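The values are calculated or read from the model by the stated rules, or taken from the named source; none is laboratory data. If you're wondering where the values come from, they're calculated on a predicted model, not measured in any experiment. Don't worry about glycine lacking a Cβ; one is built from the backbone with ideal geometry, like all the others, and counts go over all protein chains shown.
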Amino acid sequence: MKKPPRIKGRDVTYTAGQPMTLTCVATEGNPLPRLRWFNATKLLQQTSENVMAEVVSSVSLDLVIPEVARWDHGKNVTCVADQGYPDLTTTMASSTILNVHYPPIVRSRRQTLRATEGETLDLSCDVDSNPPAAVSWRKVDGDIPGNAENRGNELRLPKLSRSAAGGYKCLANNGIMPSGEGSITLIVLYPPRITSGFEDKTSALAGGEGFSLRCEAEGYPKPRVRWRRKGTKLYFDNPLEFMQIDYDMEGDYECVASNGQIRNAVRQTFVDVIGKPYINTVSLKVSVRSGDTARLVCEILSDPLPEETRWLRRGPGQQDKPVTASRRAGIRQEEKNSASGVTNTLVISHVGRSDGGVYVCETTNTFGTFQREFHMEVKATNTQAVVIASVTVIVLLVLFATIFICIAKRTGLSERVRREKASTPDLTLPRALPPLPSYMVPVGTDDVDDLELQDFKGTLKPRPPPRTDLEPYSIGLSYPSRLDAPPPTLLHCGETEAGRGGQHGGLALPGRSVGNRGFCDATITSSQTSCGQKYQRHYPMLRH
């Protein structure tokens with residue numbers, strides 16, 4: 001072969017949905033080549049075998065597509081001619097790219113867009129078509145904003161407003177039906193705005209029923225609408241409703257609309273409660289002592305303000321008589337205005353028992369009259385109660401002192417105090433007389449009443465008898481001043497630890513027992529005795 005095969009129908013434009021036929025023809029070479037159709041490397045069709053040139057002058061092969069589609073557009077198909085002798089000849093091929101016309105296909109990159117009011121936003125869509133389509137934009141539920149910029153596949157919306165929200169259509173047309181269309185929904189977020197037209201001041205009748213006030217607001221997302229009392233965190237549902245109206249409900253109320261955006265929408269109204277007066281005093285019972293000054297306070301809520309307020313004294317049979325200074329001296333009325341009405345106070349000086357009873361505060365305005373009873377109790381001054389209270393206090397003090405003394409005696413506190421006082425030299429305490437030693441008792445008599453006694457620093461001790469016989473072996477007795485010392489023990493001169501020895505002399509050892517004999521730190525010598533022994537004893541008081 002001197003040249004590649006020829007493709008018939010390669011310059012034909014096909015429309016999607018129509019059939020397509022391409023013919024590959026080869027007229028040179030002997031034998032004539034075998035033909036095959038390829039899409040890239042994929043074999044589509046081929047002839048059965050090689051044909052000798054003496055038989056026929058050409059060979060052809062058709063590529064048939066019953067119905068082309070848009071995805072067939074741009075395909076590269078190749079017809080390959082091969083004589084079957086690779087050592088002598090080479091294969092030859094011819095290619096063509098399919099040209100298929102199809103209507104536009106429109107795709108939106110994002111079907112829903114959210115943006116905040118005041119931002120700049122671009123709406124865009126992708127269009128697939130052959131030939132290229134013309135793109136236009138349309139707003140479904142209104143007109144496209146006047147400041148919008150059409151940039152073909154893009155629509156720019158600068159400085160979004162809440163009116164720009166809605167549905168948009170991206171339209172594409174290339175002359176092949178049907179035309180392409182894509183949809184985009186634009187959501188513009190904006191803070192709430194109250195649309196209700198209620199007044200800045202709303203009137204309600206005191207004692208009335210069925211008060212209602214509704215608040216409407218717009219915004220995206222849809223705002224939540226509530227009411228609240230100004231200056232508080234007390235919220236009410238929408239509409240604002242009162243089943244029973246009284247003066248306590250009067251004040252400023254705010255409609256608050258919120259949807260999670262930067263700021264809330266707030267609108268205020270003043271609920272003005274009007275009607276006949278109402279007395280709001282809590283304490284209707286007054287207790288006062290005779291001679292003091294009584295004050296009956298009448299707090300009046302009223303709009304308009306009371307035209308007249310007076311005090312009455314209710315007597316037997318529900319007969320009311322005006323309370324005036326002419327009827328009772330020392331009576332006056334004090335009145336001052338408040339934010340919601342007036343406060344009228346009845347002052348009664350030097351109250352007596354006869355002033356007790358029921359008083360009526362009566363107030364009147366354009367809408368009517370209102371009354372409230374006050375009960376005043378007058379208590380007599382009782383000086384006897386003061387005296388009884390004083391005596392009671394004194395009795396309690398004495399009782400507490402007695403209880404304390406008893407407890408002190410039981411716990412030994414008084415005994416310790418007595419001992420401490422007894423340790424003072426100048427203080428003399430009574431003490432039982434200690435027993436007399438046996439050698440002091442006269443022989444042949446048991447009566448010691450004639451024995452002379454003397455006081456020695458708070459301790460009674462027997463006076464020694466006169467030494468008329470000048471007995472050299474007698475030793476006088478000595479008693480210490482210690483209060484707790486036991487009777488003395490006599491140690492005779494010449495007596496040993498076991499109690500042996502003579503009976504001529506004696507050593508008085510106060511507070512010691514016989515078992516302590518023979519131990520001392522002071523030397524006592526009897527030169528006139530035949531004992532010749534020395535006794536030492538550690539003791540503070542010794543007499544020889």
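For region 221-332, the strands (runs of 3 or more DSSP E) that sit wholly inside it and include 1 or more residues that are among the hydroxyl-bearing types (S, T, Y) and surrounded by fewer than 13 Cβ atoms within 10 Å (Cβ to Cβ) are 285-289.
Kindly indicate whether any position in region 200-215 is outside the structural domain of R267 (by TED's automatic domain parsing) and either charged (D, E, K, R) or at pLDDT below 90 (or both). Among the residues of region 200-215, not one is outside the structural domain of R267 (by TED's automatic domain parsing) and either charged (D, E, K, R) or at pLDDT below 90 (or both), which makes the answer no. Every residue in region 334-351 that is at pLDDT 90 or above and not hydrophobic (A, V, I, L, M, F, W, C), please. Within region 334-351, E334, E335, K336, T343, N344, T345, S349, H350 meet the criteria. As for region 221-240, it holds at least one residue that is in contact with a Phe, Trp or Tyr (Cβ under 6 Å, 6 or more places away or on another chain), modelled with pLDDT of 90 or more and of a type in the set (A, V, I, L, M).
Of the strands (runs of 3 or more DSSP E) that lie entirely inside region 41-128, those containing 2 or more residues that are touching an Asp or Glu at 6+ places or on another chain (Cβ under 6 Å) and closer than 30 Å to V188 by Cβ span 100-108. Within region 93-105, identify whether any single residue is on the phi > 0 side of the Ramachandran plot and more than 60 Å from the chain's Cα centre (by Cα), and answer yes or no. No, region 93-105 contains no residue that is on the phi > 0 side of the Ramachandran plot and more than 60 Å from the chain's Cα centre (by Cα).
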